[in-house]
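What follows is one structure encoded as structure tokens, with my remarks underneath.
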Amino acid sequence: MNTTLSFQKVTAEDWPRISAGFHDLTYEQTLTYAQAAAQRIGATTDFITLSDQAGQLTAAACLRVKRVPGLGRGIAWIAAGPMMHHREQPEIDQDRLDATFAALRAYAQKTGHILRLRLPALPFYDVPAIDQSAAAAGFCTTDRSRLYRTVVIDCEQDEETLLKAQHGKWRNHLRKSLKSDLSLESAPISEASGRFHELYQQVQATKGFEQPDIPPEFYYPLQGADFSHEVLFAQKDGVDIAGMTIGRTGNFAVYLFGATTDVGRRCNAGHYLMWESILRHRTQGIKWYDLDGIDPNINPTVTEFKQRTGGTDLLAAGPYEYRPAGLGSALIGTAETLHSRLKTAR
């Protein structure tokens with residue numbers, strides 16, 4: 001059976017309700033995050049749904065569209081999407097995958113945008129099957145966007161199982177931290193951003209690490225019904241010695257930023273905070289905890305720390321790219337290359 005899906009644009013006002021119906025909704029597909037991320041780069045947002053011939057909602061995606069001045073077309077980017085695990089159609093077979101990518105191709109052909117996408121890293125996604133459907137629809141892998149490899153923890157496991165899954169050395173560090181008389185404090189980011197940022201800057205100055213492409217300050221003002229954001233602090237004798245910021249959306253939590261002082265490292269406060277955050281997510285009904293990316297080449301120490309938590313090491317499907325036929329795609333590609341060179345030269 002060959003399924004045909006049609007795409008429809010929906011309003012930003014309707015997006016929180018629509019996206020909440022998908023089990024694979026992550027923070028990058030929320031209205032709160034997507035609009036801020038688009039504004040940051042001078043892009044706009046498109047919200048689309050994919051439905052079958054009976055009108056059944058099958059998939060949905062928020063796209064950030066950056067247009068080339070004077071051309072009216074540009075690059076449409078789907079971060080952590082499209083969402084395909086709708087609560088009324090949870091199973092994703094090959095036919096539905098093929099239909100989803102065919103419908104996305106139709107969107108690109110109609111709008112004239114180069115379409116790029118990278119799916120979320122989820123244990124229940126069949127990446128080879130997704131690769132197959134993407135290729136069949138004319139999508140190619142691209143190095144214009146980054147691969148996303150991460151560690152994801154299943155928070156529905158019981159505490160004993162979570163402990164047993166940890167690497168022995170990681171578990172030993174955790175035990176040391178639990179004997180260090182540390183205390184835990186949590187607060188919404190709206191109340192504690194200044195406090196966390198002071199700690200973050202202190203650690204940044206000491207360790208000399210570079211500012212990430214999207215700094216923590218971008219996240220501090222984000223507030224919305226579909227995205228919550230809190231800070232956890234580890235304290236020793238009433239003083240903050242480590243902190244981490246965590247975003248939550250639907251079934252998912254994501255570790256965003258962390259900072260641990262020299263005192264905190266000596267008593268393994270990072271292990272303490274990570275473990276306490278996992279336990280908190282269990283009690284809050286969070287299913288998946290994404291540790292927000294690993295790269296063994298750029299940061300082997302952080303990669304090892306996250307891999308040893310006992311979570312699953314996952315590589316997300318994509319990034320893929322579809323370029324509509326015609327001169328427009330070539331002009332968009334040239335404009336992007338020039339923009340990248342000018343940005344590098346600054």
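Remarks
- Test: Glu230 is at pLDDT 95 or above, open to solvent by 80 Å² or more (accessible area, probe 1.4 Å) and within 27 Å of His23 (Cβ to Cβ): no
- Pair list, Cβ under 9 Å, 6 or more apart: the stretch 12-24 residue without any contact (Cβ under 8 Å) to a residue 24 or more places away in the chain and outside any loop (DSSP other than H, G, I, E, B), other residue of a type in the set (Gly, Ala, Ser) and open to solvent by 10 Å² or more (accessible area, probe 1.4 Å): none
- In the stretch 113-157, the residues that are assigned to a strand (DSSP E or B), hydrophobic (A, V, I, L, M, F, W, C) and either free of Cβ contacts under 8 Å to residues at least 24 places away in the same chain or surrounded by 15 or more Cβ atoms within 10 Å (Cβ to Cβ) (or both): Ile114, Leu115, Leu117, Val151, Val152, Ile153
- Residues that are under 22 Å from Phe139 (Cβ atoms) and in contact with a helix residue (DSSP H, G or I) (Cβ under 7 Å, 6 or more places away or on another chain) occur at least once in the stretch 7-20.
- Qualifying residues in the stretch 1-51 (those that are open to solvent by less than 70 Å² (accessible area, probe 1.4 Å), within 22 Å of Lys287 (Cβ to Cβ) and charged (D, E, K, R)) - the one nearest to the chain's Cα centre (by Cα): Glu28
- For the residues Ile294, Ile286, the requirement of being within 20 Å of Asp154 (Cα to Cα), among the aliphatic types (A, V, I, L, M) and in contact with a Cys (Cβ under 9 Å, 6 or more places away or on another chain) singles out Ile286.
- Yes/no for Glu160 being open to solvent by 60 Å² or more (accessible area, probe 1.4 Å), under 30 Å from Thr283 (Cβ atoms) and within 21 Å of the chain's Cα centre (by Cα): no
- Matching residues in the stretch 98-112 - criterion: being out of contact with any Asp or Glu (no Cβ under 9 Å at 6 or more places or on another chain) and either among the small types (Gly, Ala, Ser) or in contact (Cβ under 8 Å) with a residue 40 or more places away in the chain (or both): Asp98, Thr100, Ala102, Ala103, Leu104, Arg105, Ala106, Ala108, Gln109, Gly112
- Filtered by the rule that a residue be of a type in the set (Gly, Ala, Ser) and open to solvent by less than 10 Å² (accessible area, probe 1.4 Å), the stretch 93-111 gives Ala99, Ala103, Ala108.
- Assessment of the stretch 63-82 against the conditions (of a type outside the set (Gly, Ala, Ser), touching a Phe, Trp or Tyr at 6+ places or on another chain (Cβ under 6 Å) and either closer than 22 Å to Pro128 by Cα or open to solvent by less than 20 Å² (accessible area, probe 1.4 Å) (or both)) yields no matching residue.
- In the stretch 292-338, the residues that are open to solvent by 50 Å² or more (accessible area, probe 1.4 Å) and among the β-branched types (Val, Ile, Thr): Ile298, Thr301, Val302, Thr312, Thr334
- Residue in the stretch 249-256 that is at pLDDT below 95, hydrophobic (A, V, I, L, M, F, W, C) and surrounded by fewer than 22 Cβ atoms within 10 Å (Cβ to Cβ) present: no
The values are calculated or read from the model by the stated rules, or taken from the named source; none is laboratory data. Remember, predicted model here, so these are calculated numbers, not experimental data. Using ideal geometry, Cβ is built from the backbone for each residue, glycine included, and neighbour counts are taken over all protein chains shown. Remember, those area values only see protein heavy atoms, side chains included, never the ligands or the DNA or RNA. Shrake-Rupley method; radii C 1.70, N 1.55, O 1.52, S 1.80 Å.
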